[in-house]
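The values are calculated or read from the model by the stated rules, or taken from the named source; none is laboratory data. All values derive from a computational prediction rather than experimental measurement. For neighbour counting, all protein chains shown are included, and Cβ atoms are generated from backbone atoms with ideal geometry for every residue, glycine included. Heavy atoms of the whole protein, side chains included, go into the accessibility calculation; ligands, DNA and RNA do not. Shrake-Rupley method; radii C 1.70, N 1.55, O 1.52, S 1.80 Å.
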Amino acid sequence: MRTIGAACLAPGGEKNLCDHCGGSEEFAVRCREAMATAMTRSDLSAASDGRFAAVTQVLGDAIRAHAFPGCAFGVLAGGKVALQGALGRFTYEEDSPAVAVDTVYDVASLTKVVSTTATAMLLWQRGQLDLETPMGELLPGFVVGRAPGERARHVTLRHLLAHNSGLPGYVEFFRATTTPAALFRACLELPLEAEPGTRAEYSDPGFILLGKALEVVTREHIAPWVRREVFVPLGMASTGFCPALGARAAIPPTEEDRSLRGRRIQGEVQDEHAWILKGAAGHAGLFSNVPDLLRFAEAVLEAGEPGLFEAATVDQFATRQGPQGSSRALGWDTPSRDSSSGSHFSKHSIGHLGYSGCSLWIDLDARIAVALLTNRTWPDRASQLIREVRPAFHDAILAAL
């Protein structure tokens, strides 16, 4: 990736006295105040050292409010890295390691776009994937035993990518299943709650099944396939599934798990279903860092030039799908009212969130990409302040640019 003059921010780790899940209204006010500051600075020169001050104010306030203990972030604009930085620490303890720009995080559902959707994009681009293929053709267990006219027989790969298959959004399979085979079977046998194409419902089971369907097409597990076909060509050396034991201490922990695994979750996937699936699945399991995610975003933005993706591929997967009112494209989300991307990303933008507090948004018109990585679920998933942080952070970025 072409990098020039990227700002690297010194990490901070102030100990906060407020409760980690409190103060949401006060913090929301600070976010809005930071945005006001950002707008007054928007006329500063792009070369000004202080042009991203409002960005760091939003993130610093977030850390002090215990939205998350630390974060890494980066901005790609016009084919160049305009900003890379890190603030805070791995946990709220004063002696916890400081976050760096290249710190690797559990990116949770960013897996759905950086791994699973990217796989679908390349297979479609190469003529190896028909989006109208019925799921039952690739995964017969999805239809075996169901009545001839049952909804499941009409579900296609497009439906799963668009999150309008009719499958439920989330089911706590991990309460009763302990093996990959049992979890996969439970997903296959789920009853549909709506006719395919008629209801938008963000579905983890849908992407678990999609990942398996793509493995049938490639005849290979998704982890080595996506590493060879996507991560290695793009130089994403820090991105992958199942970090080695020796690397785990360098990854911020996501949770003190007291209900399932009974230990601190650090360097292993937080998502319970991805953990049961041995750490690599279609919906979660990926670990990455800001520089790698910006490399991936650059490949999307430069589609049409010699590179990984063709322009027609990005156009196809960035197009909103039905039903009316859904913000979902194929694998990707797009800006909607009260979007996590804030107020200034164009309608021709794609992005995704991760439950652990990560996000990636790409404006295809303005040629801007913004990555934010946090472990907002530390120590117990209680804080929801990330919902205030994300739009304020993105608005401050675009105001500075």
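Among residues of the range 333-346 that are without any contact (Cβ under 8 Å) to a residue 40 or more places away in the chain and on the phi > 0 side of the Ramachandran plot, none has a Cβ under 7 angstrom from a residue that is open to solvent by less than 20 Å² (accessible area, probe 1.4 Å) and in a loop (DSSP other than H, G, I, E, B) at a sequence gap of 6+ or on a separate chain.
Taken together, the residues in the range 136-159 that are open to solvent by less than 40 Å² (accessible area, probe 1.4 Å) and within 16 Å of T218 (Cβ to Cβ) amount to 3.
Take the conditions (1) surrounded by 13 or more Cβ atoms within 10 Å (Cβ to Cβ); (2) free of Cβ contacts under 8 Å to residues at least 60 places away in the same chain; (3) over 22 Å from A67 (Cβ atoms); L277 misses just one of them, which is (2). The helices (runs of 4 or more DSSP H) falling completely within the range 76-195 that include 3 or more residues that are among the hydrophobic types (A, V, I, L, M, F, W, C) and closer than 22 Å to V226 by Cα map to 118-125, 157-161. Note on the range 297-321: among residues that are touching a Leu at 6+ places or on another chain (Cβ under 6 Å) and under 24 Å from E220 (Cα atoms), the one that is surrounded by the most Cβ atoms within 10 Å (Cβ to Cβ) is F317. Starting from residues that are in contact with a Lys or Arg (Cβ under 8 Å, 6 or more places away or on another chain) and in contact (Cβ under 8 Å) with a residue 40 or more places away in the chain, keep the ones in the range 139-158 and report whichever is farthest from Q321 (Cα to Cα). Among those residues, the one meeting the criterion is G141.
Considering the range 352-384 alone, what residues qualify as being part of a strand (DSSP E or B), among the aliphatic types (A, V, I, L, M) and either over 17 Å from the mean Cα position of the chain (by Cα) or more than 16 Å from D292 (Cβ to Cβ) (or both)?
Once the filter is applied, which keeps residues that are part of a strand (DSSP E or B), among the aliphatic types (A, V, I, L, M) and either over 17 Å from the mean Cα position of the chain (by Cα) or more than 16 Å from D292 (Cβ to Cβ) (or both), the range 352-384 yields L353, I368.
Pairs are defined by a Cβ separation below 6 Å, a sequence spacing of at least 6 or placement on different chains, a first member in the range 239-257 that is closer than 18 Å to K278 by Cα, and a second member that is assigned to a strand (DSSP E or B) and acidic (D, E); the pairs so defined are T254/D106. Looking at this structure, is A120 under 20 Å from the mean Cα position of the chain (by Cα), at pLDDT 95 or above and closer than 28 Å to S383 by Cβ? No, not satisfied. Each residue in the range 71-95 was checked for being in contact with a strand residue (DSSP E or B) (Cβ under 7 Å, 6 or more places away or on another chain) and open to solvent by less than 10 Å² (accessible area, probe 1.4 Å), and 11 of them qualify.
Among the residues of the range 39-96, those identified as at pLDDT below 95 and polar (S, T, N, Q) are T40, S42, S45, S48.
Run down T254, T218, T198, T239 and say which single residue is surrounded by 17 or more Cβ atoms within 10 Å (Cβ to Cβ), more than 16 Å from the chain's Cα centre (by Cα), at pLDDT 95 or above and among the polar types (S, T, N, Q). Outline the logic, then answer.
On the way: T254 fails: more than 16 Å from the chain's Cα centre (by Cα); T198 fails: surrounded by 17 or more Cβ atoms within 10 Å (Cβ to Cβ); T239 fails: more than 16 Å from the chain's Cα centre (by Cα).
On inspection, the qualifying residue turns out to be T218.
Considering the range 117-135, the residues that are touching a strand residue (DSSP E or B) at 6+ places or on another chain (Cβ under 9 Å) and among the hydroxyl-bearing types (S, T, Y) include one that is surrounded by the most Cβ atoms within 10 Å (Cβ to Cβ), namely T117.
Take the residues in the range 201-215 that are of a type outside the set (D, E) and assigned to a loop (DSSP other than H, G, I, E, B), then tell me which one is least open to solvent (accessible area, probe 1.4 Å).
Step one: list which residues in the range 201-215 are of a type outside the set (D, E), which gives 202-203, 205-214.
In the following step, the residues that additionally are assigned to a loop (DSSP other than H, G, I, E, B) were identified as 202-203.
On the way: Y202: 76, S203: 3 Å².
By that ranking, first place goes to S203.
Right, R381: touching a residue at least 24 places away in the same chain (Cβ under 8 Å), more than 30 Å from T178 (Cα to Cα) and open to solvent by 30 Å² or more (accessible area, probe 1.4 Å) or not? Answer is no for this residue.
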